[in-house]
Structure formats: structure tokens, C-alpha cells
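Here, each number is a calculation from the coordinates, and none is a lab measurement. Computed from a prediction, not measured in an experiment: that's the story for all the values here. Neighbour counts are summed over all protein chains in view; Cβ atoms, including those assigned to glycine, are modelled from backbone coordinates with ideal geometry.
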Amino acid sequence: MPLSFLNPALLVGLAAAAVPVIIHFLSQRRLRRVAFSDLRFLREEEAHQARRRGMRRWLLMLLRILIIACLVLAAARPHWGGLPGGGGRATLFVVDASASMQVQLDDGRRAFDAAIALVGEMMGALPADASVQAIAAGPQAVPLFATWLPAGDAARAALAAAQVTDGAVDLESALREAARIATEAPSEPVDVVLVSDLQETDLTALDAAAGPLARAGARVLVQRVGDPVPPGAVVGLDLPGRALQPGETVQVRAQVRPDRPDQAFWLELDGQRVAEAVAGSTREGGAPVEVTFTVTAPGPGLHVGRVGKEADRLPLDDTRAFALEVPSRLEVVIAHGADRDGLGRGGWRYLARALAPDARTAGLFAVRAMPVDSLAATGLDGADLLVLADAGSPGRQLAATLRPWLEAGGAAMIMVGDPGQAQDLRAGVLPLLDLPAQARWVARADGQAERARIVDPGHPVFADLGDEALASLAAARWQRYFAVDEGDAGVLLVGDGGAPLLLEGQLGRGRWALLPFHLRADATDVMLNPVFLPVVQRLAARLVAGGVRAFDQPVGEELVLPVPAGRLGVRPGEAATALQVAGPPSNTRRPARLRWQAAGPAVVAPPAQHAGIHVFTSRDDTLGLVAATVPPAEMTTRRLAPDALAGALRSAGIDQVLDLEQASTAGFTRALAGRDLARWLLAAALVLLGVELWVGRRVG
Amino acid sequence: MNAEQELLTPELTSQLDRLDVLARLLVEGFLTGLHRSPYHGFSAEFAEYRRYQPGEPATNIDWRVYARSDRVYQRVFAEETNLRGTLLLDCSASMRFTGDERRPTKLAYGRVLAACLAYLLLRQNDAVGLVAFDERPLLRVPARSVRRQLFQVLKGLREAPAGQGTDLGPVLHDVAERIPRRGLVMLVSDLMDEPDQVLSGLKHFRHRGHEVLVLQILDPREVDLDFPGEVEFSSLEDPSLTLRTEPAHVREGYRDRLDGWRARMRRECRRHLIDLVELTTDQPVGAALGAYLMKRGRLH
């Protein structure tokens, strides 16, 4: 009901409205009887005005009733609208501190600054005895005051500590935190004022978050501020999914949303603008379009880059940073079975030549080849990639011990093509790779050799090779191989018979590839195909890199940088000291810690609040870079209607949800206390009194 | 206490004793008295000295006073004649009204007033009679000038019954026909009747050669209708007639109507040379009577 009273107890005074009626009837009971000399003039006068006076008497009584009712109602302090019993005695402001609140408004301020200013004005409009608290709601909900404060200058000054983040608002955690703080409020009920740009978000999970708030008896007021996010943005970035070789030309694809057709986007690497691409046209509904940059891989080391466009009113999403780690040299250990007929085993020599074609020049790969028996002595320390080529029974024994190394970030390329090793494959290799322990030997006659098909030409192994080169791969033939079940693994090549010929998968942090054939002429002629060499190199680079060493994490999430344990000089379970992370906005250093997990060690830092490159360091080394990026949710140009959020909150159990229609202090106070009707009632009483006097004089 | 003592208090008597009762009218009569007469030379009596005003005839200047005091005074004479006065006392029910228990009813007030007039007249050796009436004559005391007449008049005033309705016109016509000689007719009444009938009766007296003095008595509350709250009025003359009203609401209109009525009575009386004296029961009887007689004295 929109009508409420601050002093409802005074409404009993409405009974006083009956006083004129009582007086009317009492006056009739106290009728005085007078024996008069002559009624002639009285009767004439009475006849003259009896009817008119009768009506006026009833009118007078009505006016007096109304006057009393108006005065009593005014004393009860009626308010139209607002919260029941008024509001604002304990007010908790939840200010959206997400990235979209950095939209620049027409007056030059950011929406967040305008929101903070508005909250300050709202605090100033609260009653003198009100208490306030505020939460900056970004990826985490951060209370701005240590405790509830009186709504005075101190509270308004403390608002200056509020910081906007580059992350997405977590409405659920904000509401939970609000519920927690509401329980500490000095008085009830608590009015929660949500000040936000109300970017579109998923409201389905609101029920659980709003429940505690509803139980705390809080009322919610929704205040929309700011402008919608402008459409232009760099939404996503696809870096080559493999380790890059310095000088290699690669293509970087970015998902962008241009402001206008034919808008230019650029790519910076290490501060130099190295590529440009044009987004042809915008898409219906603001869906991203893809642009491709052709980039030459930089030299070995850590690199930072940005993809961007000219800034609009939200510059934050107009650039997107990335970090790139280019390895200087990848150590490859080829462990092969005993050579047979002096021709080697499984074609390991071909592989060695494929990865390091010229041993005299420093390429990406440094290859060491040894019999698998020797591997136990040398170990895998320092090896980035292990290639097992027809390793046989020793390889089977090795596989049993290989799992921890793989899970910690190792890489393995396993090639099994000798029918005599079927049991080694089933009992050793396939269980290691979490594949079904089933392998069927397939041997085709010469005329029945199978062709292979590339499952995904866009896969990093095949990307950028060109359609003609890839088409040539289809000419290769396979006659002898193991048909295995791919399970959950990815299939890169598949034969005519449907059996996978090249599989890849992940084990912990490590990657593996399985070639269920070996590189002998009686098994396949793929070695003769010119495109096979780069495929092998790329496959090895992809396995070693664990994808690309470009870590892209949304702002608001924990920053995680996987690192080789040996690099930190600690053993599993031990803690590393002096780990730090530095990042935007002012390269402030924050402590990081080492987390041991199944996939190996990682350096972990608290969630970043700002987008950009964050640098992990140990005491005397740079461990790596992580690019914190604006969450895609903050780039959406759509906004929630305030009543949509209000409806969701109501359905979540919060009875009182008000939409503050306008960003104004008056609107806020009206929403809290409603429109004060007391003065109108007093004015009405005065007018009625004037009418009563006028009518009374006419009657008298 | 006899009737005379009941009606005429010593206070009232002493007030009237200081005044000369000067009848305005010239009537034919046999007795000389204090009243000036149109018949000059029949009898004259010194009345008072008055300062001589330039332009007046020097006939009456008292030269002896002038010799003694060096001031010019003239002697004023009043010729005396006999006056036959008839007091008409309205005893109708409306005369029983009083708006305040501390004040007399109009009838009681009228009785005192009539007694005063009778006293004054008899003191001048005039003849005075009494007719008490309501819708009809209730009591008659023939006019005589003997000393004992005062007792008779006062007795009549005391014994006059309180009547019922009012029908002034026929009663006045009746009385006018029954008064054998011209004289002074003094009507003590509230005149609460149809004005045309009342005036018709009064004109009848004039037609018969009488001088008419109307003493209209009203209660102050009849004039101002000052009753608080809601009142149910009932008519004294017809108790079956009632009226329920709030006097505050009808007061203004009532006063207008009353004033109109009184103005008409004044106008008509003046037109027919009838003296109308309006009195209310909150005015002292002696003061009111004295004021009237003083005014008559200045006029004649």
C-alpha cells in the first residue's frame, strides 16, 4: 500500500472526527424550549431560509469533520509511497564498481565517480540520526567503512576510498555481503540501495543470494546510473596455440566489435605497433567479428602486447593485453627401441631430423636421441619433450613412471607401430594416456592403403599451413597401424576406416600425442609428404608449450602462473618465499604464494582488480606474465530494466523493492519516506476552515 | 401591602415627583389643572422663569427680577384645563413574555407604567380611567378625577386577568366608541397584532378627537432574539404553534423584519399624530416616563 504513516498510533485521533456529529446530536438533546410572544417574524424568517440553512448545517458538519480528520491525519505524518514506516535509518549502499562503470559520461566524469557523488548526496539527504555503510561491488564485495557510520561528513569523506575495478560485478556475492553487513546494522530495517549501471546479467542465480538479505528484513532500492557501454571493444584474442619459433610468421585472431564499418584495429608487441587489421562491418545485435593480424614471432623471452582500437567512452575494453612467452630452445629426448637391421626403430631418425633439420644452426628444438634403456640413467631433467619411438617393453616400464612427469607439465610424443608391441601398447601406453586399453593391429594390402583426413584444419598444428599444403597431406597412405579407441582424446587425423591416426590429449598440466603407427616405409609413406615435417614440428611445439605461453585470465579471478618446480628450487610440498606479483594500475607489488597441486606447482596471487599485464617475480627472477583482461560480461551493451531486477529480487523473496526512477536526491528521499502529505493536509485543513467560517457566517 | 404600594415603589415615586407632567393635548374640559389650554384667559398659572431670547415678545419679561439681578427673564405661564385620560392595558398572552427571569414581564412592566401615568394624571386632578383587554375588554374602570380613583385604577391594574389571544383592532374600536368625551388615550401594549388592525383602531381614537399616546413595550430579547443554541419556540397566545430554530441563524432576518414592522408603526403613528413611545422592559420605568414627559414639555 503506498500510503503509510510515521506516527500511526495517532490515527486513533480520527475518532475525534465524530465530535461534530456528537455535538450536533447533543445540541438537539439540549434543545431549549421558550414560550415566545409572537412567532410571526420568526416563522416568516424561518420559512425564508430553512431549506438553505439545513443544507448549510450539514455542510458545516461535514466541513468540521473533514477539518478534524485532516489535522489528525497530518499529525500522524502520512506519506504517499516510500517504504513502510519510512526508511533511511540504516542504509547500506552497494555501489557497482565493475569495469562498465568506467564509462565516461557527458560531463566528463566516469559513471562510477558520478555514482559515488550520488551516494554522497543521498547520504546527505538522510535523516540526521541515520547510519550508513557502503560496499564497492566488483568481482569481490568490499565494505568501504570499517563499521556503520553516522550519515555525516565523515561517511561522505570515507567514500573517497572507493575504487572501481576492471572486473565484473558479482551481484550474488555483493548481496551476500550486504546481508552479512545488514545483520550488524544499528537499527532495523536496513535499506539496501543498489547503485549500478545495471548491465545485463544472469539473474537466475539471484534466489540463493537474495535469500539471506530477505531474511535480514532488508528492503532494496535500485538506482540506475551511467550510460550503456559503447559497442566498440576487443572481446577476445586467439594466440597461436603452440610455442612459437622466433621469426616465425603467425596469425593472431581477435574477436572485436567495431564502432563503425571498416574500423582499423592494431596489434602492439613490446610497445611497437606491428600489425593492423580492418573489421569489415558490424554485425546485427553487436556480435563480435573476427580480425586477423599477421605477426612475426619475436625473439625468445617474455613479450607483452595489446590489440586495440581508437578509444571510445569506455577505453578499458578498447584494448586487450596479452602476454607471450617464446622459448629459446626446446630440449627433446628421443628414446627409441633397439635398432633393427641398422635402420633404427620406428623412424626415430626421421623424427630427429624433422625436429632439428640442421644441427649446426640453433633451431627451436635441441634433440638428444638414446635407447630407451639409457633413459633411466640420464633421466628427464631438463627435457621439454620426450619422444618414445617403438620403445617396446622398456618403454612399457618407463610408462609406468612417466605419469607424474607428464602431469607436472611434461610433454610426450609416443609412436607405436610395431605389431610385436601390441601388448606394450595395451598394457603400458594406453593406460598411461587414460585411453581405453584396446588396440587392434591393422595391416592393409598395398592396394588397400588408407588415406587420412584432417579433422580440424584450424587446429594449431595445421593452421597457417595453407590449403594446398594441407590438401597434399591427403595423398599420404597408411597400410599398417594400430586401431585404438580415442576415448576422450582429441583426433587430429583419421583414416578412411575411421581409426584415429593422430591423437592428442592432456594429462594434468602435460600434453601428449599418440601416433599409432611408425615411420617405416611398409607402414606409411607420410614421411615423403612435404607437409609432414612442419606438422611434426608444430605438433612438438604444441606439446611442449602446453598450448601457448600466453596466459589470459579475467579480472577478478585468482592469478595463476604454472611454473616448473625446478625453476623455483623447491621440492614438492615446500613453500617458496619472496614471491610477488606486480601489475596495474601502478605496479604495486603484492605477495604471491606457491601452490602445489596435482598438475604441478603454480604461483598464485590474489585476484587482480585491474586489467593489464601482471608480472610474477621470485627473489631474483621473473617467473612469468599473466594478462588480466576485462570479462566479456562487462562489454555487453545491453542493460537490465530496473523493474526486471526488481522483479527478480521480489521473486527471490525480498518484499520491498523500489526502483528509484531518477538519479536525484529528491527521488531517493521520496522513495525512502514517500511524499510527505502532512503539509498538504494542513493546507487543506486551513482551506476547509476558511470555507467553514464563510459558510458559518452565511448561515449565522 | 396594598395595591398601590405593590406597584409604585418609593424610588419610582420620588423620580416622578421631580417632574412636571405637562399634557400636550388641548382637550375640552371643565376643570383647570396643570395642563395648558387653547382657551386663553380662562385661567393661568405661573409655571417657571425662562431666560429671555432675543426676538421673543417682551410681554412676559419680569422687570422686577431684572432690577434685582440685572438679568432678563420672562415668566412662562401654563393655562390649565381638565384632562380625561384613559389607560388601555393590553393583557393578552403575548404580554406575559419575559426573556429574563430577572426582568418583569411586559404585562408587569405595563402595569407599573399605567400606574405611574394614573398617578401623574390624578396628581394634576385629571380624570383617569382604565380598560384592560385581550381579545376583548376584560375590565373597565371609568375615568374619574377623585383622589380615590387612584385606588380604583390600581386595583383594576392588579386584578386585571392575564388574557389569551390578541385582537387589538376590534377592542380599540370598541373602546373608542365607549369613551364619551375627548381626552387622552394611553395604550400600553406590545402591539403584537396585525399592524393594519392596530392602526385602524388607533385612527378611530383620532377620529373621535382623542389624543393618543402609545406606549409600546417590548422585551429586549424580543428585539435582539439573543437566545443561545437551538430553541423550540412556542407561541404564548397559541401554544399549539411551535417553531424549532437556531436563533443565531435567523437573528439577522428576524431583526430586519421586526425593525421593518416597528418602523412602519412609527411612520403611521407620526402620520396620524399619534405619539409612539418605544420601551423595553430593561429600561427603568420612571426614567422612561420622565424622558417622555420632558420631551413633551420641550415640544409644547
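Tabulated data for the structure shown
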read-out	value
Note, ³J(HN,Hα) from phi for segment A:347-352, Karplus 6.51, -1.76, 1.60, rounded to Hz, x at Gly and Pro	x, 5, 5, 4, 4, 4
Segment A:480-534 and segment A:406-464: distance between their alpha carbon centers, rounded to Å	4 Å
Residues with amide H under 5 Å from that of A:Q199, placed H, sequence gap 5 or more	A:L640
Extension gain from B:H272 to B:E56, taking 0.36 nm per residue of separation minus the Cα-Cα distance	74.7 nm
Burial order of peptide ranges A:417-424, B:111-118, A:608-615, B:55-62 (average beta-carbon count within 10 Å, highest first)	B:111-118, A:608-615, A:417-424, B:55-62
Least to most buried among A:H48, A:H518, A:H459, B:H249 (fewest other Cβ within 10 Å first)	A:H48, A:H459, B:H249, A:H518
Cβ neighbours within 10 Å from other chains - mean over B:88-100	2
Point-to-point label distance, A:I23-A:R638, nm (Cα→Cβ direction, 7 Å offset)	6.5 nm
Distant-in-sequence amide H partners of A:L237 (H built 1.01 Å from N, under 5 Å)	A:Q255
In degrees, nearest ten, helix A:111-125 long axis to first principal axis of chain A (Cα)	30 degrees
Burial ranking of peptide ranges A:486-498, A:308-320 (average Cβ count within 10 Å, highest at the top)	A:308-320, A:486-498
10 Å binning of all Cα-Cα separations within segment A:330-545, expressed as whole percents from 0 upward	8, 37, 40, 13, 1
Segment B:135-183 versus segment A:204-241: alpha-carbon centroid distance in Å	112 Å
Full-stretch length increase - B:E194, B:V65 - with 0.36 nm per residue and alpha-carbon distance subtracted	40.8 nm
Reduced Cα scattering model of the protein assembly as shown, Debye log10 I(q)/I(0), q = 0.10 Å⁻¹	-1.15
Peptide B:220-232, shielding by other chains (average Cβ, 10 Å cutoff)	3
Simple label model, 7 Å out from Cα along Cβ direction - B:D256 to A:D488, nm	10.7 nm
Model label zone, B:H207; criterion: amide N under 20 Å from point 7 Å along Cα-to-beta-carbon; scope segment B:147-173	B:167-173
Sequence-distant aspartates and glutamates (8 or more away, or on other chains) whose Cα lies within less than 17 Å of B:K155	B:E4, B:E6, B:D90
Order by protection proxy (mean Cβ within 10 Å, highest first), peptides B:141-148, A:322-329	A:322-329, B:141-148
10 Å Cβ neighbours from other chains, averaged over peptide B:253-264	3
Acute angle (nearest 10 degrees) that the helix A:40-75 long axis makes with the longest principal axis of chain A, alpha-carbon atoms	30 degrees
At R0 = 35 Å, FRET efficiency that the Cβ-Cβ distance of A:W58 and A:L3 yields, to 0.05	0.80
Positive-end residue, the protein assembly as shown charge dipole about Cα centroid, Cβ charges, pick of A:A641, A:G409, A:A483	A:A641
Cut-off under 5 Å, modelled amide H: who pairs with A:F293 long-range	A:V252, A:R253, A:A254
Largest-first principal axis extents of the Cα set of segment A:240-280 (Å)	36, 21, 12
